[in-house]
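Visitor: This structure is in structure tokens; I'll ask about it shortly.
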Amino acid sequence: MDTRYNPGEIEQKWQNKWLEIGLDKTPTDSNKPKFYTLSMFPYPSGSLHMGHVRNYTITDVIARLKRMQGYRVLHPMGWDAFGLPAENAAINRGVPPSKWTYQNIDQMRGQLKSLGLSIDWDCEVATCSPDYYKWTQWIFLQFFQAGLAYQKEAAVNWDPIDQTVLANEQVDNEGRSWRSGAIVERKLLRQWFLKITDYAEELLKDLDKLPGWPERVKTMQANWIGKSTGAYLEFPIVGMDEKIGVYTTRPDTVYGVSYVVLAPEHPLTERVTTEARQTEVETFVKEVSNQTELERTAEDRPKRGIPTGGKVINPFTGEEVPIWIADYVLYEYGTGAVMGVPAHDARDFKFAKQQDLPIKVVIARADAADAVLIPHEAYTEPGIVVNSDIFNGMSSVDAKVAIVEYAQKQGFGQARVQYRLRDWLISRQRYWGAPIPIIHCPNCGAVPVPDQDLPVELPENVEFSGRGGSPLAQLESWVNVDCPSCGTPGKRETDTMDTFIDSSWYYLRFTDAKNDRQVFDSTKVNDWMPVNQYVGGIEHAILHLLYSRFFTKVLRDRGLLNFDEPFQHLLTQGMVQGLTYMNPNKGGKDKWIASSLVNPADPRDPETGEPLQKLYATMSKSKGNGVVPEDVIAKYGVDTARMFVLFKAPPEKDLEWDEADVEGQFRFLNRVWRLVTDFVDNPQSSKKFKNQEPKSKIEKDLRRAIHTAIKEVSEDVDGEYQFNTAISELMKLSNALADASCKDSPIYAEGIQTLILMLAPFAPHIAEELWHLLGNDSSVHTASWLKHNPEALIADEITLVIQVNGKKRGDLQVPAQLDKAELEKYARESDVAQRHIENKTIKKVIVVPNKLVNFVIG
Ligand code: ANZ
Ligand code: ZN
């Protein structure tokens, strides 16, 4: 037989065959337990990169493994296909967004198929397709009906030249528009929001239901939700019948308040401002309104603020304190107003020093209760309450409770929990997204588009100039429509939805992807969900995962599904890094020098001759360190590429691309190929392998190696997915088989069979080919995973190494399971030892059980 391993040929052959026999189809009726494994679906940029290959290979191994372990598996794929790049292609190159997107999808689907992934392509979804976004719109209306979708004014980035709203990413560090270069303004526009804050507490609390998630992702989510426990306190405004409510985490410091600060955009600002201060306040408010939140809260910037002339009364002391406005107080957090306590808050301290405001100490260190009167910095730790009337002498911790209780009794405050999480702004003034299915009627207000009129399709006859706002808003024939409720001429909502909405529910749709009557059948979604193993990049640790959890909970509360959390286990895979060189004397993108331009023996800048630093960094165009999957596959085949990414690093760690290691995996697969073809070609080789008892010691040893491999590989792949160590075990087994001197024995046949079966999830094509060479008719991927036989692991004999002063002098076979004293006795009596220790004084004997005995002699 032709004994050459030719990956190109066999990979194509088996991919065709698998398609023909429907190997990857999701079982519909089966009594087997379910397993749903999912990679985060890609944005169809047009070309597959190594990060994709790694991501999809991980879930593919899991899918194949779980099938062999007796599960029915759902392993789908789709496209996160709405978003800006398609629209930019339209603006810059005149290609319609849908054409551009579908071309990319076709190209990437082809690339994915060439990877031989066991994906059920019948479940494929594309979020930009009307049969998908019909349901995105329907889900939006579910939120609307539940009171969880609403409109309010919000500050957006506005490009005054192009007359359009910009995403944050489209504004550079200097606050200029990426397209027009204009200084971007902040503008208040009516925007749609989803009320994720209603679910803040559950989203936080249910992180405890996710033991299968990395701690660091849960911490990031908890910080994003940002629960804070404190108090709401009210300060009556002097000369007005109104109060300023503040949110504070330190009610224990309320006797130290020396001023109150409003966010400049607070509705009370205008009214508390005295006539004398009016012009200055207005100018300041205008200035601040053009700053981004980041600028306003940056630690290193001086806090800016001015007095309004107004005053409030501290209800605890009866004292009057001034009302200021300052940029560091954000309107969207808490009540948009804070009480300033310079003695105990670092930010207030700086501000008070700068503005010459009084600083009053009300918390003292426990060991120096009355020492500090004029502090040099804010004391922010707990301590003993001073200068606070009836609360003096209490610990600050107790005072927090006591002061809130007092305020509550007096009617000017109460305990309050606050979250940093804000409602989700989902409006985009863009074309390439799902239109928000609302019609604005002068009589009825915002009216949902009736179910039977969904989807609200994106019109195709639009112009993409990139100017003058959303192309949808400019298309009158599309915008003007009668109110579905009263028939009065109304207008369509022209905002489309944030693309994060599309990806917040796609994993649900996969369970019933072709349903044209319902968003999904509840029975199916409840059967397959939750996703047992979700795999994706850490960059989605916060938003995508939080939004998906939110959607799941809302749809549960709407009675559409019956579980609380969508993703049971989460694996955040590491990055694929490539070799690159850096010139430390250069800045910006110029500092990266592609490795193809550098002599590795003496790395120097080809332009300047300066020495370069060698390093691994995430593959990217700008660093010139990308490796194109097609090139690797053309040279070595898919199986080698898979083996390399799986072997080089555990899935959650970064992976350094290394051609030599790729070749190493290619050689390994060649060795396996040779082992099996030699076995098949050997006329004496045993065709029996089941339940054969080993007869000789050689056979016993081989059998032990086989069952050790089964045990180790099974442990490595279960739960933790340590594919790299699993592959090392496969290598050990292949070495044991290569070294075995019983190649005609049925035990050897068992070893060959085991090796192929366990290789199957990792290198599916070569395993399938070899499996068939063994004479099997059915696919190796439908075979059952193996269980080790514990008895086979027990060794009768072990090889004991004899050392003298740490140097190996020989070895001998001894019974297994001897204790230290017995091992020493065997060693002493051995010929080797006799030769070396005769007539010498033995100072010490070191025994390592089951391994060695070392005689230390004088
Ligand atoms: C008085 C005080 C005294 C405060 C003290 C702290 C220390 P977290 O933990 O993040 O919730 N704050 C409240 N609303 C704000 C807003 N809209 N913009 C800026 N700052 C605001 O922080 C709550 C604390 O941040 C509050 O407690 C308030 O300052 C400030 F010794 O009130 B504190
Ligand atoms: Zn109406």
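Visitor: Determine, yes or no, whether residue 467 is farther than 17 Å from residue 82 by Cβ, away from ligand 2 (no atom under 16 Å from the Cβ) and assigned to a loop (DSSP other than H, G, I, E, B).
Guide: So residue 467 passes the test.
Visitor: Could you please find all residues in region 223-271 being of a type in the set (Val, Ile, Thr) and either open to solvent by less than 40 Å² (accessible area, probe 1.4 Å) or more than 9 Å from ligand 1 (Cβ to nearest atom) (or both)? Before the answer, list the steps.
Guide: Taking region 223-271 first, the residues of a type in the set (Val, Ile, Thr) are 225, 229, 237-238, 244, 246, 248-249, 253-254, 257, 260-261, 269.
225, 237, 238, 244, 246, 248, 253, 254, 257, 260, 261, 269, listed by residue number.
Visitor: Taking residue 635 as the residue in question, decide whether it is modelled with pLDDT under 90 and of a type in the set (Lys, Arg).
Guide: Values: modelled with pLDDT under 90: no; of a type in the set (Lys, Arg): yes.
Considered against the rule, which asks whether it is modelled with pLDDT under 90 and of a type in the set (Lys, Arg), residue 635 comes out as no.
Visitor: Okay, next question. Name the pairs: first residue in region 148-165 and under 11 Å from residue 177 (Cβ atoms), second residue assigned to a loop (DSSP other than H, G, I, E, B) and among the polar types (S, T, N, Q), Cβ to Cβ under 6 Å, at least 6 apart or on different chains?
Guide: From residues that are under 11 Å from residue 177 (Cβ atoms), the pairs are 159/180; 161/180; 162/180; 165/429.
Visitor: Considering only residues that are away from ligand 1 (no atom under 14 Å from the Cβ), assigned to a strand (DSSP E or B) and either of a type in the set (A, V, I, L, M, F, W, C) or open to solvent by 50 Å² or more (accessible area, probe 1.4 Å) (or both), which ones fall in region 399-447?
Guide: Answer for region 399-447, where residues must be away from ligand 1 (no atom under 14 Å from the Cβ), assigned to a strand (DSSP E or B) and either of a type in the set (A, V, I, L, M, F, W, C) or open to solvent by 50 Å² or more (accessible area, probe 1.4 Å) (or both): 414, 424, 425, 428, 438, 439, 440, 441, 446, 447.
Visitor: Here is a follow-up. Taking the stated definitions as given, is residue 793 of a type outside the set (Lys, Arg) and under 30 Å from residue 65 (Cα atoms)? Spell out how you get there, then give the answer.
Guide: Details: of a type outside the set (Lys, Arg): yes; under 30 Å from residue 65 (Cα atoms): yes.
Criteria met by residue 793.
Visitor: Of the residues 426, 439, which is within 16 Å of ligand 2 (Cβ to nearest atom) and within 37 Å of the chain's Cα centre (by Cα)?
Guide: 439 is the lone residue from the list that is within 16 Å of ligand 2 (Cβ to nearest atom) and within 37 Å of the chain's Cα centre (by Cα).
Visitor: Would you confirm whether any residue within region 604-613 is assigned to a loop (DSSP other than H, G, I, E, B), at pLDDT below 90 and under 30 Å from residue 502 (Cα atoms)?
Guide: No - not one qualifying residue is present in region 604-613.
Visitor: I'd like the residue in region 194-222 that is touching a residue at least 40 places away in the same chain (Cβ under 8 Å) and among the polar types (S, T, N, Q) and, out of all such residues, is surrounded by the most Cβ atoms within 10 Å (Cβ to Cβ).
Guide: Filtering region 194-222 for residues that are touching a residue at least 40 places away in the same chain (Cβ under 8 Å) and among the polar types (S, T, N, Q), the one surrounded by the most Cβ atoms within 10 Å (Cβ to Cβ) comes out as 221.
Visitor: Among what's in region 304-363 and is of a type in the set (Phe, Trp, Tyr), open to solvent by 10 Å² or more (accessible area, probe 1.4 Å) and farther than 21 Å from residue 226 by Cβ, pick the residue that is nearest to the chain's Cα centre (by Cα).
Guide: By that ranking, first place goes to 349.
Visitor: Right, next: Only helices (runs of 4 or more DSSP H) wholly contained in region 172-278 count here; list those with 3 or more residues that are within 24 Å of residue 152 (Cα to Cα).
Guide: Output list reads 200-205, 268-272.
Visitor: Does residue 452 fit the bill of being away from ligand 1 (no atom under 16 Å from the Cβ), assigned to a helix (DSSP H, G or I) and within 38 Å of the chain's Cα centre (by Cα)?
Guide: Yes: the conditions hold for residue 452.
Visitor: Just wondering, is there one or more residues in region 497-519 that are in a strand (DSSP E or B) and more than 16 Å from ligand 1 (Cβ to nearest atom)?
Guide: yes
Visitor: Does any residue of region 473-489 turn out to be modelled with pLDDT of 95 or more, under 30 Å from residue 52 (Cα atoms) and among the polar types (S, T, N, Q)?
Guide: no
Visitor: Continuing with the same structure: Would you pick out the residues in region 545-576 that are closer than 13 Å to residue 529 by Cβ and among the hydroxyl-bearing types (Ser, Thr, Tyr)?
Guide: 548, 552
Visitor: Ok, one more. Among the residues of region 749-787, what is the count of those that are without any contact (Cβ under 8 Å) to a residue 24 or more places away in the chain and over 20 Å from residue 8 (Cβ atoms)?
Guide: Looking only at that region, the number is 3.
Visitor: Moving to a separate point now. Give region 529-562 a look and list any residue that's open to solvent by less than 20 Å² (accessible area, probe 1.4 Å), under 25 Å from residue 718 (Cβ atoms) and not polar (S, T, N, Q), or say none.
Guide: Scanning region 529-562 gives 529, 531, 534, 535, 536, 537, 541, 545.
Visitor: Now for a different question. Which condition from (1) open to solvent by less than 20 Å² (accessible area, probe 1.4 Å); (2) of a type in the set (Gly, Ala, Ser); (3) in a helix (DSSP H, G or I) is the one that residue 8 breaks?
Guide: (1)
Visitor: Taking only region 101-140 into account, find how many residues are surrounded by fewer than 18 Cβ atoms within 10 Å (Cβ to Cβ) and among the acidic types (Asp, Glu).
Guide: Selection size over region 101-140: 3.
Visitor: On to the next question. Hey, could you check region 329-359 for residues that are within 6 Å of ligand 1 (Cβ to nearest atom) and β-branched (Val, Ile, Thr) and say which is farthest from residue 260 (Cα to Cα)?
Guide: Per the stated criteria, the residue is 329.
Visitor: Return the total of residues in region 563-614 being closer than 30 Å to residue 41 by Cα and surrounded by fewer than 13 Cβ atoms within 10 Å (Cβ to Cβ).
Guide: Here the count works out to 1.
The values are calculated or read from the model by the stated rules, or taken from the named source; none is laboratory data. These numbers were taken from a predicted model, which means no experiment stands behind them. FYI the Cβ positions are ideal-geometry reconstructions off the backbone, even for glycines, and counts take in every protein chain you see. These area figures cover heavy atoms from the full protein model, side chains too; ligands, DNA and RNA do not enter into them. Shrake-Rupley method; radii C 1.70, N 1.55, O 1.52, S 1.80 Å.
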